[in-house]
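Each reported figure results from applying straightforward, stated rules to the coordinates on display, with no laboratory input. Computed from a prediction, not measured in an experiment: that's the story for all the values here. Neighbour counts are summed over all protein chains in view; Cβ atoms, including those assigned to glycine, are modelled from backbone coordinates with ideal geometry.
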Amino acid sequence: MHYILPIRISTFLAPHVRDSLQAALRGFTLKGGVGQFHADNLGTSRFGVPVSNEIALQDGGVYQAFSNRYSIYWTPREGAHSVKFSGALGQAYKNAGYERTSGYPYMEETSIPGGAMQKFRDANGQVSAFYWSPAFGAYKVWEGGAIGSRFTRDGGTATYGFPTENETAFENGTRQVFNLNGKETRMYWAPNTGVHGMNGNGSIFKKWVSLGHAPNMGFPVTEEISAGNGGAVQYTRTADNREFGFFWSASTGTHVMNSKGALYYHFINNGYTSTFGYPVEDEHVETDGRIHVKFSKGQELTWSASEGVRVH
């Protein structure tokens with residue numbers, strides 16, 4: 001007499017045995033680290049049943065797909081972890097190139113304040129973190145790069161909020177934008193400036209954009225910093241190493257000086273904002289051939305090759 005084991009296997013079997021038998025009936029095998037992870041983490045009730053056998057991947061890894069749109073990955077280095085491809089983080093991982101570009105999961109998808117996160121690591125130990133928020137969706141932060149390293153070191157989403165884009169090539173560098181409760185931080189990196197942030201809601205950023213941003217004015221080479229008397233300054237540097245200071249105060253708005261020029265050096269070496277206040281216009285050349293800039297405390301600085309710097 002022959003007996004056929006039904007698809008709905010009796011509940012008296014241990015869950016991992018039942019799952020293995022169900023998989024076998026469909027022609028797929030649960031085994032090893034993947035099978036153990038499946039059994040230890042709610043089995044078919046969470047992942048569903050296998051829809052493939054284990055498939056070999058790079059760096060000694062394997063994965064197996066399941067009917068609830070999960071895949072369980074295993075590597076000798078990271079062990080076994082799952083990726084939920086029905087969710088936004090799994091889709092972002094897929095769109096970024098799976099393990100080929102982002103490595104293997106070394107943690108499960110995790111809830112964090114305001115959203116969710118899952119991290120992956122490649123064979124070189126570099127980490128790609130995927131973040132999701134309902135406002136912005138899911139994006140990758142590459143912790144192996146200067147922007148991702150800075151983001152993580154400074155406190156991640158608690159400090160900067162969630163990414164609103166992937167790291168993107170921008171002129172001769174890269175850019176990634178983050179948002180924390182409406183405050184936008186735009187991080188820029190270039191080979192001759194390193195990584196620095198700009199307040200995307202601020203007057204300095206808007207002035208930088210109005211003057212042609214990176215192609216004309218370069219990338220930020222400092223953060224926005226206090227310049228005294230309630231104002232601020234941020235410096236930028238171009239690919240050919242010209243530098244500019246963007247000065248802001250509530251009463252003057254934002255104006256720009258050549259921070260390698262004679263007028264700037266006179267300004268900072270002769271009392272700075274406590275003596276002159278803040279620029280009320282951009283440094284510029286007038287019809288007399290001189291370079292001019294006026295300040296909020298009434299002085300005007302001019303420069304010519306024949307006279308040098310003069311105070312008016």
Checklist outcome for this item: All conditions in (1) among the small types (Gly, Ala, Ser); (2) more than 28 Å from residue 183 (Cβ to Cβ); (3) part of a helix (DSSP H, G or I) are true of residue 239 except (3)
Checklist entry - Counting only residues that are hydroxyl-bearing (Ser, Thr, Tyr) and not in a helix (DSSP H, G or I), which one in the stretch 204-228 is nearest to residue 187 (Cα to Cα)? => result 222
